[in-house]
Amino acid sequence: MNQQDAINKIQEFQNIFSSSNRVVLAPKQMMAIGVGLLLVPIIEVTTQYWTFGYEVSEAIASWLPAMKGLFYGLVFWGIGRIFPDPMREKAHPIIKKAFGLEYPMVAAILAVALGLSLVGSGELVYPLVFLLLGVFYNLLGRFSNSTVTAVSWLYILASPFYMYLLDFKIDRLWMYFMIFQGLTCLAIGFSSIKQRKTDAH
């Protein structure tokens, strides 16, 4: 490879990675997820945690968390299908491969949830989800924008803070953190749209 070929190859990689901030996160998806997260507490309260005010047997109650997980999982999977990101589809294969971390992240979250539930520590699932998402967003933030990085650090700090608050037995604590998560997803979505507009000019 001569010097000019080497320069061209370096330029190609620079162009690939400079475009990564437009495909790492899908703005519409993030905003839809944010709205979805904000609606979860409303759904839970209005349905009185899915019991609609009726007394349910222990057998049914034991299955409610799994049913909720399946329902909300399908809803958020559907959001991803309803709001596809055309820019991501056009992304360079190297970028797609480098940032194809969604499935391992989802698998890690499910593994944590299952493991903690089996040992009777289900209340720790959500704070550890914040920790995992914080690390994940910190990686993505290095290739996208400063808002994603800021949110990642907020999540990392929220994890031990959530664990600390568990000792105070605060009613519906998870709802406050879900509202917080929904708002941060909206912030990421808005900042990503702004970033794309800036890059377009």
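The values are calculated or read from the model by the stated rules, or taken from the named source; none is laboratory data. Everything quoted here is computed from the prediction, not taken from an experiment. A quick note on method: Cβ atoms are made from the backbone with ideal geometry, for glycine too, and the neighbour counts reach across all protein chains shown. The protein model used for the area step is the full one, side chains on, heavy atoms only, and it has no ligands, DNA or RNA in it. Shrake-Rupley method; radii C 1.70, N 1.55, O 1.52, S 1.80 Å.
Annotation for T51 and W153: the two label points, set 7 Å from Cα along the Cα-Cβ direction, are 4.3 nm apart.
If you take all other residues with their beta carbon under 15 Å from the beta carbon of L64, and give Lys and Arg +1 and Asp and Glu -1, the sum is -2. Note on M67 and K197: the model spin-label points, each 7 Å out from Cα along the C-beta direction, lie 4.4 nm apart.
Over all pairs of different C-alpha atoms, segment 132-182 has a mean inverse distance whose reciprocal, the Kirkwood radius, equals 11.6 Å.
Looking at segment 112-201, the accessible area is 56 square angstrom per residue; that uses a 1.4 Å probe and ignores ligands, DNA and RNA.
One decimal place: the segment V75-L39 gains 11.8 nm when fully extended, by the rule 0.36 nm per residue minus the C-alpha distance. Each residue was assigned an accessible area with a 1.4 Å probe, and for W153 the value is about 130 Å².
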